[in-house]
1. On the basis of being hydrophobic (A, V, I, L, M, F, W, C), at pLDDT 90 or above and within 30 Å of residue B:1 (Cα to Cα), does residue B:67 make the cut?
2. Residue B:347 passes all but one of (1) surrounded by 22 or more Cβ atoms within 10 Å (Cβ to Cβ); (2) facing chain A (nearest Cβ under 10 Å); which number fails?
3. Can you find a residue in the stretch B:213-226 that is among the hydrophobic types (A, V, I, L, M, F, W, C), in contact with a Gly (Cβ under 8 Å, 6 or more places away or on another chain) and away from every other protein chain (no Cβ under 14 Å)?
4. Quick one: would you say residue B:142 is small (Gly, Ala, Ser), more than 14 Å from chain A (Cβ to nearest Cβ) and under 20 Å from the mean Cα position of the chain (by Cα)?
5. Sort out which residues of the stretch B:252-270 are buried (at least 24 other Cβ atoms within 10 Å of the Cβ), within 18 Å of the chain's Cα centre (by Cα) and under 30 Å from residue B:6 (Cα atoms), and write them in order of number.
6. Out of B:110, B:137, report the one residue that is over 31 Å from the mean Cα position of the chain (by Cα) and under 19 Å from residue B:199 (Cβ atoms).
Amino acid sequence: MNTLFHTLLLLPGAAPDVSNPVIPDAATAAAASHGGHGSELDLIAMLFVFMLATFIGIGVIRRVSRLLHTPLMSLTNAISAIAVVGAITIAGGQDYPTPIKVLGGIALFASMTNIISGFLITDRMLKMFKSQAPAGGKS
Amino acid sequence: MTTAIELAYLFATGLFVLSLHWMGDPKTARRGVHAGMLAMLVAVLATWAKPEVSHHSDFVRHAWVIIPIGLAIWPGIWLSLVPITAVPQRTALSHAFGGLAAGLVGTAEYFHLLSANPAALTPFMMTAIVAEIILGYLTFTGSIIAAAKLQEVKWIPQRPWVYPGQNVVNLIALGVAIVLGALLIFNPNAGWAPYAFCGVIFLALNFGWMLVMPIGGADMPTVIAILNSYAGLSAVAMGFVLDNKLLITAGALDGSSGLILSIIMCKAMNRSFANVLFGAFGQVQQKAAGGEQKAYKPETPEGAGQILEQASSVVIVPGYGLAVAQAQHKVRELYDQLKKRGITVRFAIHPVAGRMPGHMNVLLAEAEIPYDDLVEMEEINSDMPQCDVCIVLGANDVVNPAARFDKTSPIYGMPIIDADRARTVFAVKRSKNPGFAGIDNDLYFLDKTFMLFGDAKAVVGELVKALSPSAGH
């Protein structure tokens, strides 16, 4: 899954058996590569992503006007339903036993509901926000 | 193929950031929503295209993806069509769904790895899984209780639900869950581990509802924002578990959004997180407020109408009562009537007015009141002494002058809208009871304050009638 990062950023870590002949290291690396995740370099890369994304989030959200805080919350709701990615991997994955796939299916249902309702209601609310149009048009 | 999928995730990540960036301004906000939709679509399709998901073109496997998505369409659309007054409940419910999804994925991943690849359960992996399930499940039950309180479901008390030693019990539950989690982190494959794992789930589920039960309605904006943050953080933990940077980014965006909103809410109430979560606001004061009875000065809608006609500047302070009475459309009629007479009408929006951040703005926008006339507290306060009439509409604590001078008041220090500095005040109130926080409001007893008792919608309706030209006076 993370070949991209391995090839671009973590080249030395991609071949630990060759560059680093210490046996315990090789063993953990093998265990990690078996599961597809968990190596320390991955961890650091993910912490980088987490930290930077948090700073970006804080920077961007601080500039959202208070006027729009309710739609903002429903939009971030929909965005955090990105958990759908994990749910699809489990519900549709090939090597999961059925009881576990059921958990994945429920998770998929829950996050898909959030995606659909979150985006639709945000759009619905935003359509209501109007600037000083021809004022008092109704009366 | 893997590289293509990672690139698709990268694209989606960028779009999510742009989406929130565009959200900053009402003019570009809808573009932000569309960018978010596109990003989500790309993320879903890319995941679906993963070799381990769609490797075999076997219909049964796709059915596992298609059926839950299909089932979600109807509730998703239904939840997006709720009345605007019900938006806080919907938001809380969607936090519950988000938490549930994170908790379930964490559970599935642990039990799967336990049987298929125990070596992958490194301490780091276990830390992420434990964080994911604790955050996920506590958000799930906590948000369900929050949604039920907001919906005013009968079996959930509206007032804070407290008993002696409650905080100790709650903290012990959380503490035990964390200790069990820590034990799991270093012994994920022990014989007792699956039981301990279920124990952590059980404790997290219970901690969630126990945390929210003692919190009253007035604190809901903060609670919703905090739960929003937790839902985002549980998605981040899921990203660490699944080694997925898209999940980490999107979760972190949501987490920081919830964090900022809760900080704004706490500041607007001059309280700390700990105080909101463990303070059980409004309990102590109820007894203190009992004492002497002061006199209200009631006014009729006709009389109020005559005073309004003379005004040149009117400020309306909306609060939760407006939402309860669904009075926003009547308020729009009042706004039109006053505007027609050349009176300046503005709405003063306190950050915690209503039951979620920005609640009042959405309600008034629904009634097609232009957002230029919705003014934030800090901006309007300097104009209040020049305001002829201030109409307090279903708001209470956010206009209570005790916050400025009464050091014994639980809301002392909270920034308020200075309604008491207006020349005349009309307070529309459903009953003579104190507000959600259970605190007496001195504003109502000032010489310049006149009370209009009744349902906000009915009272505003009568004001409109009194002002309309056809009314025979």
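The values are calculated or read from the model by the stated rules, or taken from the named source; none is laboratory data. These numbers come from a predicted model, not from an experiment. Counting neighbours? That spans all protein chains shown, and the Cβs are built from the backbone with ideal geometry, glycine included.
1. Numbers: hydrophobic (A, V, I, L, M, F, W, C): yes; at pLDDT 90 or above: yes; within 30 Å of residue B:1 (Cα to Cα): yes.
Spelling it out, residue B:67 is indeed hydrophobic (A, V, I, L, M, F, W, C), at pLDDT 90 or above and within 30 Å of residue B:1 (Cα to Cα).
2. For residue B:347, the exception is condition (2).
3. yes
4. Numbers: small (Gly, Ala, Ser): yes; more than 14 Å from chain A (Cβ to nearest Cβ): yes; under 20 Å from the mean Cα position of the chain (by Cα): yes.
Yes.
5. Within the stretch B:252-270, the first condition is being buried (at least 24 other Cβ atoms within 10 Å of the Cβ), and the residues that meet it are B:252-258, B:261, B:265, B:269.
Going one step further and asking which of them are within 18 Å of the chain's Cα centre (by Cα), we end up with B:253-258, B:261, B:265, B:269.
Passing the criteria: B:253, B:254, B:255, B:256, B:257, B:258.
6. On the way: B:137 fails: over 31 Å from the mean Cα position of the chain (by Cα).
When all the criteria are applied, what remains is B:110.
Conditions (1) surrounded by 24 or more Cβ atoms within 10 Å (Cβ to Cβ); (2) of a type in the set (A, V, I, L, M); (3) at positive phi, marked per residue:
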{"position": "A:65", "(1), (2), (3)": "no, no, no"}
{"position": "A:77", "(1), (2), (3)": "yes, no, no"}
{"position": "A:80", "(1), (2), (3)": "yes, no, no"}
{"position": "A:98", "(1), (2), (3)": "no, no, no"}
{"position": "A:102", "(1), (2), (3)": "no, yes, no"}
{"position": "A:113", "(1), (2), (3)": "yes, no, no"}
{"position": "A:118", "(1), (2), (3)": "yes, no, no"}
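Okay, residues lined up against (1) of a type outside the set (Phe, Trp, Tyr); (2) in the same structural domain as residue B:371 (by TED's automatic domain parsing); (3) at pLDDT 95 or above; (4) not in a helix (DSSP H, G or I):
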| site | (1), (2), (3), (4) |
| --- | --- |
| B:3 | yes, no, no, no |
| B:11 | no, no, yes, no |
| B:35 | yes, no, yes, no |
| B:39 | yes, no, yes, no |
| B:52 | yes, no, no, no |
| B:57 | yes, no, no, yes |
| B:61 | yes, no, no, no |
| B:72 | yes, no, no, no |
